[in-house]
Amino acid sequence: MKGTVYGSQGGVYLTRLDSGEFCDASLRGRLKQEVRTGDRVVIGDRVEVATRKDGTATIESVHDRRSQIIRKGPGGRRPKVVAANVDRLVVVASATRPEPRQLLLDRLLVIGESNDLDPVLVMNKIDLVASGSPEVSQGPEAELPIHSRLLRLYRGIGYHVLETSALTGEGMSELESVLCSGTSALLGPSGVGKSTLLNTVQPGLGLRTGELSHKKGRGRHTTVSARLIPMECGGLVADTPGFSDVGVWGVDQRDLEGCFPDFHPFRGECQFRGCTHLHEPNCGVQAALARAEIDPSRFESYRSLVQEGPGPSPGAPHGS
Ligand SMILES: Nc1nc2c(ncn2[C@@H]2O[C@H](COP(=O)(O)OP(=O)(O)OP(=O)(O)O)[C@@H](O)[C@H]2O)c(=O)[nH]1
Ligand SMILES: [Mg+2]
Ligand SMILES: [Zn+2]
């Protein structure tokens, strides 16, 4: 029987069979081996399930993925697939508590772009910041609060950006209409309100949510494993555990520039083929930067990702 993996915990995979029934499945031995070498079965995976008379079920094989969200695993030496067969990456940040960090958001956007997932950005907790600041304050960028600067920046690049509040309901119907088609995955730092947003879009879900730590105002990693949630309106949504840092896996410099849509208009203006835009003369991206047509903060994110590199090349020893 065919099914889709909706969640996993301690080697048990909650699987929804295409008949509509749910079952807890374990992995067949050969697949367990693959898990150890890094290629895991993840939520969203399409699987072949064998059920036995005694009610137990095993995942016999995994179908090829149509898409996947992939990031660097802990330590940066291996890839970590967060979810498979996803249509849309929803990057969630909060306007404050915790403050948005651009480098992290840019990384998540690159993960979306590099996996062809057309990222959507949600700026949550908009109730906690003064309303209307992006329009009212027309002053220099430096005077804007960070969330306002980022809203303006990402909208200027052309990203679909939502401002939401689970508390007041602002932006919730727009978020709902995004989540109600296809499969979306919510990714973002711990404590920004990913689970709370889903509970608000669909009351009765009862996902665990957590207060921020008092000392640092950071999230407490309340959601511990990713799971797929069917929306009553039709879509499937992955709630995922928050993190404090995220690395981009497997995207080398040549692919990276393509993950910055704000660089696209200028790439044809570089003198050298294969220009990295870091130090070559007559570089279109550098020229655009000098004319302030590319935001310096975005270029910094690009530079840091180029310098960090895509991770160990395939076949390189994993080390310890
Ligand atoms: N003021 C305000 N607080 C919110 C909003 N959304 C969520 N919160 C609060 O933020 C805290 C963290 O919310 P969670 O939903 O647990 O955050 P999360 O992103 O799922 O965190 P992890 O599961 O750790 O990744 C909770 O105390 C929520 O009540 C919002 O729109 N406004
Ligand atoms: Mg959560
Ligand atoms: Zn260049």
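Descriptive notes on the structure:
- Whole-number percent relative contact order across the chain, with pairs defined as alpha carbons under 8 Å at least 6 apart: 15
- Members of Lys80/Lys216; Lys72/Lys215; Lys80/Lys215; Lys194/Lys216; Lys80/Lys194; Lys32/Lys194 lying beyond 24 Å, as alpha-carbon distances in this model show: Lys80/Lys216; Lys72/Lys215; Lys80/Lys215; Lys32/Lys194
- Among the GluC sites (Glu not before Pro) in the stretch 150-226, those located in a DSSP loop and surrounded by at most 14 other Cβ atoms within 10 Å of their own Cβ are Glu211.
- Alpha carbon centroid spacing (whole Å) that separates the stretch 188-221 from the stretch 47-113: 18
- Considering only Glu113, Glu48, Glu280, the Gaussian network model of the chain with Cα springs below 10 Å gives its largest mean-square fluctuation to Glu280.
- Over the chain: helical MRE at 222 nm, DSSP H runs n ≥ 4 each giving -39500 (n - 2.57), nearest 500: -6500 deg cm²/dmol
- Amide hydrogen neighbours beyond the local backbone of Val82, cut-off 5 Å, H modeled: Ile69, Ile70, Arg71
- Residues in the stretch 183-208 reached by a label modelled at Cys233 [backbone nitrogen below 19 Å; 7 Å Cα→Cβ]: 183-187, 193-207
- Nearby lysines by direct alpha-carbon distance to Lys53 (threshold 19 angstrom, same-chain neighbours under 8 apart not counted): Lys2
- Over the stretch 2-62, Cα pairs under 8 Å with separation of 6+ residues give a relative contact order of 35 percent.
- Contact order for the stretch 1-103, expressed relative to its length and based on alpha carbon pairs under 8 Å spaced 6+ residues apart, stands at 21 percent.
None of the figures in this text is laboratory data; all of them are computed from the coordinates on show. It should be emphasised that the depicted structure is a prediction, and the values quoted were computed from it without experimental measurement. For neighbour counting, all protein chains shown are included, and Cβ atoms are generated from backbone atoms with ideal geometry for every residue, glycine included.
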